[in-house]
Amino acid sequence: YASRAHAREAEGALQGAARWQPSDAASEEKLRSLLRRPEPAGLTLPAAESLSRELERLGWVREAAALSEEPKPRLDALKEATSRADLLGLSHLPAAASLERRAAAASKWCGRANNALRRRSYLNQLQALSAEGAALGVATEQLEEIDERVASAARWSERARAALASGGSASVEEAVALATEAAALDVTVAEEGKVKELVQSHELWAKRATGAFVKRGCGASLLEALTHRGEPLETTAESEDGGGEQSGTTACCFCTGNDAATTSKFMIGCDA
């Protein structure tokens, strides 16, 4: 008799409606009490399974409410909650529909973000994507990576603008370092082209200056020629008979070439 009464009580705790509603469900405490009683041995298996399922549904409602209150739930958590809602027959609930909409919007944005991350995108495009992703209120790996790229590019852009604002007086090392860092950013920044032009102008100037101050075949560098101010310069060259290297002192640092045809050429600053 006790088992039959227990079975009737358990059946009474279950909803008969086709569409389950949390407001019509028994409390979690009552459902757990029914499952803990000694009489469950007399319960038919379907009733026990239904009680457990009822508990799972109530647990999902509680977890979904907590997930909805999070300022930035993770996308994988939204997808898992949506999948569980389908398994538990709760897709008709407003909370399940809301989570599904957020997960679908975030997934669609992630598809666009992945396309942008696969190629070298412009900084303003990534900034726009970042703003859209942040507005969704969902945490994703793609948003974290985009924000990291945007932050790195913004820091580089600030340094590049400072170097360019100096009227081209940035050092060669600084300009080359900026160009090298820009290539590793995976982001196209507006100042990148101007930095490349600055590097090219430095290289062109160095080539022209070397041609003016250092003769072809000279063993001295442009820096050595300029820092010696035309004073005699020790240099090493291969001997004409192939017997190895030989050293000597030139008349001035601008005449260290080994080819007679080039050493006779007039050089800027040459007064020898």
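What is the range 61-109 by shape, rounded, prolate or oblate, if you read a ≥ b ≥ c off the alpha carbon gyration tensor as root eigenvalues and call it rounded for a/c under 1.5, prolate for a/b larger than b/c, and oblate otherwise? Judged from the Cα gyration tensor, the range 61-109 comes out oblate (a/c at least 1.5, b/c at or above a/b).
With a/c under 1.5 counting as rounded, go ahead and sort the range 158-212 into rounded, prolate or oblate using the C-alpha gyration tensor (a ≥ b ≥ c being the square roots of the eigenvalues; past the cut-off, prolate if a/b is larger than b/c, else oblate).
On the way: a/c = 2.56, a/b = 1.77, b/c = 1.44.
Cα axes put the range 158-212 in the prolate bin.
The H on the amide N of Thr188, modeled in the peptide plane, is under 5 Å from the matching H of Ser121, Tyr122, Leu123, each at least 5 residues off or on a different chain.
All of the numbers you see were taken from the coordinates with simple rules; none came from a lab. Just so it is clear, the model here is predicted, and its values are computed rather than measured.
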